[in-house]
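A quick write-up on the structure given underneath.
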Amino acid sequence: MHDMTEGNLHNAFAGESQAHMRYKIYSEIAIEEGYPNVARMFRAISFAERVHASNHLERMPREEGYFSGKNPYGTGTTSENLQAGIDGETFEIEEMYPTYKKVAEFQEEDTAKQSFDWALKAEKIHAKMYKYAKRSVDEGEDVELGKIQICSVCGHTREGEAPSQCPICGAKKEEFKEFS
């Protein structure tokens, strides 16, 4: 694997791993503040971030590399945590994944490109969900959400019932994990 694509996989793995843990912690804060649906949303998206991290890790060569990433640190109120989620997802959508995909494409690293593409598509949904939830929390209300479904293959996220086939990776309905 080319060094630049490998480095991007390492960075993406680090960022997604951190997002996974951040969102789990944010879920606990949302529970403490009386927002059980926001907490469930954070738990669901935390699982999707773990799927992204796993996909990136599986595509890395088994050798030493470096880790970095641009992610917010620390915790705050549920509203502040939702903003941190929005900011992190926006960075991944606007800068990180488009760049990583271009490098992987240029270096003809198709499996890395696929992993970056799957994550990018899911991150767009996560950002929308966080923005929706933040509006509710800022009005002093818990967000209204139905079941949240996460594809365990690519991290695709959706509210409602799981589709018969994942629109991103084609996985069957049985591959979706429900958060209700």
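Which pairs in the list K24/K173; K101/K134; K101/K131; K147/K173; K128/K173 are over 20 Å apart, alpha-carbon to alpha-carbon?
Numbers: K24/K173 25 Å; K101/K134 29 Å; K101/K131 25 Å; K147/K173 14 Å; K128/K173 23 Å.
Flagged as over cut-off: K24/K173; K101/K134; K101/K131; K128/K173.
At 0.36 nm per residue, and after removing the present C-alpha to C-alpha distance, how many nm does the segment from E33 to D110 gain when stretched out fully? Before the final figure, lay out each step's value.
Details: separation 77, 0.36 × 77 = 27.72 nm, distance 4.36 nm.
Extra length available between E33 and D110 comes to 23.4 nm.
What are the ³J(HN,Hα) couplings of the stretch 49-56, residue after residue, when phi is run through the Karplus curve with 6.51, -1.76, 1.60 and θ = phi - 60°? Round to Hz, x for glycine and proline.
Computed from phi, the couplings for the stretch 49-56 are 5, 5, 4, 4, 4, 4, 4, 5 Hz.
Loop only per DSSP, at most 14 neighbouring Cβ atoms within 10 Å: give me the GluC sites (Glu not before Pro) in the stretch 99-180, ordered by residue number. Working shown, then result.
Working: sites: E105, E108, E109, E123, E139, E141, E144, E159, E161, E174, E175, E178; in loops: E108, E109, E139, E141, E144, E161.
In loop regions of the stretch 99-180 (DSSP not H, G, I, E or B), the sparsely surrounded GluC sites (Glu not before Pro) are E108, E139, E141, E144, E161.
Counting only protein heavy atoms and a 1.4 Å probe, tell me what percentage of the chain's accessible area is made up of carbon and sulfur. Provide the component values of the computation, followed by the final result.
Details: 4330 of 8900 Å².
Ligands and nucleic acids excluded, carbon and sulfur reach 49 percent.
Give me, ordered by chain and number, the residues 5 or more places off F176 or on other chains with an amide H under 5 Å from its own placed amide H.
Result for F176 returns S152.
Please give the charge dipole size of the stretch 3-143, origin at the Cα centre, charges +1 on K and R Cβ atoms and -1 on D and E Cβ atoms. Round to the nearest 20 debye. Please list the in-between numbers first.
Details: 17 positive and 26 negative charges, 64 e Å.
With Lys and Arg at +1 and Asp and Glu at -1, about 300 debye.
How much accessible area per residue does the stretch 96-158 have, counting only protein heavy atoms and a probe of 1.4 Å, in square angstrom? Numbers along the way, then the final one.
Values: 2990 Å² over 63 residues.
On a per-residue basis, the stretch 96-158 sits at 48 Å².
Two decimals is fine: what is log10 I(q)/I(0) at q = 0.14 Å⁻¹ for the chain, from a Debye sum with one equal scatterer on every Cα and no solvent?
-0.71
The values are calculated or read from the model by the stated rules, or taken from the named source; none is laboratory data. Predicted, not measured: the structure shown is a model, and the values here were computed from it. With ideal geometry, Cβ positions are generated from the backbone for all residues, glycine too; neighbour counts draw on all protein chains shown. All accessible areas refer to the heavy atoms of the entire protein, side chains included, with ligands and DNA or RNA removed. Shrake-Rupley method; radii C 1.70, N 1.55, O 1.52, S 1.80 Å.
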